[in-house]
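*Asks:* This is the structure, below, for whatever I ask next.
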Amino acid sequence: MAMRNIREEGDSILLKRSRPVTDFNRRLHTLLDDMRETLLAADGVGLAAPQVGVLRRAVIVMDTNKEDLTPAEQIIELVNPEIVSSDGEQTGQEGCLSVPGVYGIVTRPEHVTVKAQDRYGKEFTVEGTGLTARCFCHEIDHLDGHLFTEIAERILTPEELDEMNGERE
Ligand SMILES: [Zn+2]
């Protein structure tokens, strides 16, 4: 496994549409392994392949609702993911490893169901609520070349960021 560089806003690869994964081979497994390592090191909750420079429809999302699991165990790998249903609404803070230091207020569904394939090509369905639902939507948006800053109602001010950081300490 190896860490990969996270591409940042301004890199045109983040605005491109990713292609479906068709080969569930070692190359894909290496990509997913590297994405896991990169996400854990960056202390994020989700990562999409284009963020590490690969235009393929693969994302990883941490199911942070499963508090009894370790961060590594919380990671769900989704290849060719598709939101098949969504309901409810949540409005809250959202950030992105590709847009460091910027947080915005974004409205997302409260609950989503996602259909995807695992690293071997086997289809499965997974549900997410709260932050996990937000994360599924955010990462899948990356596969279509969209960043949260496009749909944020507003971006948090430096004062609000200070307050947020204060709460975390
Ligand atoms: Zn992101």
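*Asks:* So is residue 4 under 24 Å from residue 125 (Cβ atoms) and open to solvent by 10 Å² or more (accessible area, probe 1.4 Å) or not?
*Replies:* On the way: under 24 Å from residue 125 (Cβ atoms): no; open to solvent by 10 Å² or more (accessible area, probe 1.4 Å): yes.
No, not satisfied.
*Asks:* Residues in the stretch 113-137 that are within 16 Å of the ligand (Cβ to nearest atom), touching a Lys or Arg at 6+ places or on another chain (Cβ under 9 Å) and either open to solvent by 70 Å² or more (accessible area, probe 1.4 Å) or in a strand (DSSP E or B) (or both): how many?
*Replies:* Of the residues in that region, 1 qualify.
*Asks:* Could you give every pair whose Cβ atoms fall below 8 Å, whose first residue belongs to the stretch 67-87 and is on the phi < 0 side of the Ramachandran plot, and whose second residue is aromatic (Phe, Trp, Tyr) and surrounded by 12 or more Cβ atoms within 10 Å (Cβ to Cβ), counting only separations of at least 6 or pairs across chains?
*Replies:* From residues that are on the phi < 0 side of the Ramachandran plot, the pairs are 78/136; 79/24; 81/136; 83/136.
*Asks:* Somewhere in the stretch 102-109, is a residue under 14 Å from the mean Cα position of the chain (by Cα) and under 22 Å from residue 155 (Cβ atoms)?
*Replies:* yes
*Asks:* So, one more: Within the stretch 84-106, track down each residue that is part of a strand (DSSP E or B) and within 16 Å of the ligand (Cβ to nearest atom). Steps first, please.
*Replies:* Pass one, the stretch 84-106, residues part of a strand (DSSP E or B): 84-87, 90-94, 104-106.
Correct list: 92, 93, 94, 104, 105, 106.
*Asks:* Determine whether the stretch 14-37 contains at least one residue that is part of a strand (DSSP E or B), more than 15 Å from the ligand (Cβ to nearest atom) and either open to solvent by 70 Å² or more (accessible area, probe 1.4 Å) or out of contact with any Gly (no Cβ under 6 Å at 6 or more places or on another chain) (or both).
*Replies:* Yes; the residues of the stretch 14-37 include at least one that is part of a strand (DSSP E or B), more than 15 Å from the ligand (Cβ to nearest atom) and either open to solvent by 70 Å² or more (accessible area, probe 1.4 Å) or out of contact with any Gly (no Cβ under 6 Å at 6 or more places or on another chain) (or both).
*Asks:* I would also like to ask the following. Going by the structure shown, is residue 84 touching a Ser or Thr at 6+ places or on another chain (Cβ under 8 Å), open to solvent by 10 Å² or more (accessible area, probe 1.4 Å) and more than 22 Å from residue 100 (Cα to Cα)?
*Replies:* Against the criterion (touching a Ser or Thr at 6+ places or on another chain (Cβ under 8 Å), open to solvent by 10 Å² or more (accessible area, probe 1.4 Å) and more than 22 Å from residue 100 (Cα to Cα)), residue 84 qualifies.
*Asks:* Please go through the stretch 43-61 and give me each residue that is more than 11 Å from the ligand (Cβ to nearest atom) and of a type in the set (Gly, Ala, Ser), ordered by number.
*Replies:* 49, 53, 58 - these are the residues of the stretch 43-61 that are more than 11 Å from the ligand (Cβ to nearest atom) and of a type in the set (Gly, Ala, Ser).
*Asks:* Being open to solvent by 10 Å² or more (accessible area, probe 1.4 Å), within 13 Å of the ligand (Cβ to nearest atom) and in contact with a strand residue (DSSP E or B) (Cβ under 7 Å, 6 or more places away or on another chain) is the filter here; which residues of the stretch 138-153 pass it?
*Replies:* Correct list: 138, 140, 149, 151, 152.
*Asks:* Another one. In the stretch 108-147, what residues are closer than 23 Å to residue 43 by Cα and among the hydroxyl-bearing types (Ser, Thr, Tyr)?
*Replies:* Correct list: 129, 132.
The values are calculated or read from the model by the stated rules, or taken from the named source; none is laboratory data. Just so it is clear, the structure is predicted and the values come from calculations on it, not from any experiment. Please note: Cβ atoms are built from the backbone with ideal geometry, for glycine as well, and neighbour counts cover all protein chains shown. Note: areas computed on protein heavy atoms with side chains; ligands, DNA, RNA excluded. Shrake-Rupley method; radii C 1.70, N 1.55, O 1.52, S 1.80 Å.
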